[in-house]
Amino acid sequence: MVIAPEPTVSTPAPTADPTVEPTPELIPIDQGVWDDLKLVALYNEFNGGRLYKWVGELVDGQPTQVKFFIDPEAHPQLKDHIRSVYTTFNEVITAPLEFVESSDEFDYNIKIYLSPKDEILIDGVEHSGETLFGSFADSYGSLNEVFIYMDEADTLSNQILLFTHESLHGLGFAGHSEYSDSAIADGYADTSVFSGLDLARIRLIYNSPTRPGDRERDLLEIFLPVSS
């Protein structure tokens, strides 16, 4: 007698609920990079635990322009360096933002001044450079207007170093890195180029779904710190 096998009962695969958003994969980042990011972008006296950043969108296929105006009195080499910094930002940032130079001192988002040192005061103390967040596009921390000041009497080489440092503040990174080779190191790093960490920091904030006003708990829904 031939006994027929039991019929196979196939269980259909569960169907994804179209009303439930899929959980995005977390972006793994080195623990040291994460600690630096928190210090520079969140936990300092200016950010107050919230993220500041420029935001943009595509309109008719064109990205939002962030216009920078350079003091006409700046040395030609300083002007060229400032332009090269914003070219670097445009190459690194994939968000719909484009940093473009404005020739109109009244049409800008970032204004770069040369000023007497005694006018560059932080808590009443003279500094060689300073970045001020002039205004925000909303209450969450979307940057709208930034002022970067440098000592007009400083040497050209120092002005170039200062701008490299202050330009990162102008992206919303109000704190300072503990890594000495970072252009945003405390006390001004002796470098006119961005370190690998500087560029990584820009990519993490601008090439991921972070939002102005995000706090650490929000960033932990995007990033996964991993100990090396």
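Observations on the model:
- As for segment 197-216, it holds no residue that is at pLDDT below 95, among the β-branched types (Val, Ile, Thr) and open to solvent by less than 60 Å² (accessible area, probe 1.4 Å).
- Candidate set from segment 87-118 (those that are without any contact (Cβ under 8 Å) to a residue 24 or more places away in the chain and under 17 Å from THR64 (Cα atoms)); member that is surrounded by the fewest Cβ atoms within 10 Å (Cβ to Cβ): GLU91
- Which numbered condition SER10 misses (of (1) open to solvent by 70 Å² or more (accessible area, probe 1.4 Å); (2) modelled with pLDDT of 95 or more): (2)
- Given (1) within 22 Å of GLU105 (Cα to Cα); (2) out of contact with any strand residue (DSSP E or B) (no Cβ under 7 Å at 6 or more places or on another chain), number of the condition GLY134 does not satisfy: (2)
- Scanning segment 179-228 for residues that are of a type outside the set (A, V, I, L, M, F, W, C), more than 12 Å from the chain's Cα centre (by Cα) and closer than 18 Å to GLN31 by Cβ yields TYR179, SER182, SER195, GLY196, GLU216, ARG217, GLU221, PRO225, SER227, SER228.
- Residue ID - surrounded by the fewest Cβ atoms within 10 Å (Cβ to Cβ), chosen from residues in segment 151-170 that are in a loop (DSSP other than H, G, I, E, B) and touching a residue at least 60 places away in the same chain (Cβ under 8 Å): GLU152
- Residue in segment 217-226 that is part of a loop (DSSP other than H, G, I, E, B) and touching a Leu at 6+ places or on another chain (Cβ under 6 Å) present: no
- Residue selection: GLY32 fails the criterion of being outside any helix (DSSP H, G or I) and surrounded by fewer than 19 Cβ atoms within 10 Å (Cβ to Cβ).
- Those residues of segment 192-208 which are in contact (Cβ under 8 Å) with a residue 60 or more places away in the chain and in a loop (DSSP other than H, G, I, E, B), in sequence order: SER192, PHE194, ASN207, SER208
- When each of GLU73, GLU25 is tested for being of a type in the set (Asp, Glu), touching a Leu at 6+ places or on another chain (Cβ under 7 Å) and assigned to a loop (DSSP other than H, G, I, E, B), the lone residue that passes is GLU73.
- Enumeration of residues in segment 141-150 that are of a type outside the set (Asp, Glu), closer than 12 Å to TYR108 by Cα and open to solvent by 10 Å² or more (accessible area, probe 1.4 Å): ASN144, PHE147
- The single residue among GLU105, GLU101, GLU119, GLU126 that is touching a helix residue (DSSP H, G or I) at 6+ places or on another chain (Cβ under 8 Å) and modelled with pLDDT under 95 turns out to be GLU126.
- Those residues of segment 179-191 which are on the phi < 0 side of the Ramachandran plot, open to solvent by 20 Å² or more (accessible area, probe 1.4 Å) and in contact (Cβ under 8 Å) with a residue 24 or more places away in the chain, in sequence order: TYR179, ASP190, THR191
The values are calculated or read from the model by the stated rules, or taken from the named source; none is laboratory data. Being a predicted model, the structure only gives us computed values, none of them experimental. All Cβ positions, even for glycine, are placed from backbone atoms using ideal geometry, and neighbour counts span all protein chains on display. Side chains included, ligands, DNA and RNA excluded: accessible areas come from the protein's heavy atoms. Shrake-Rupley method; radii C 1.70, N 1.55, O 1.52, S 1.80 Å.
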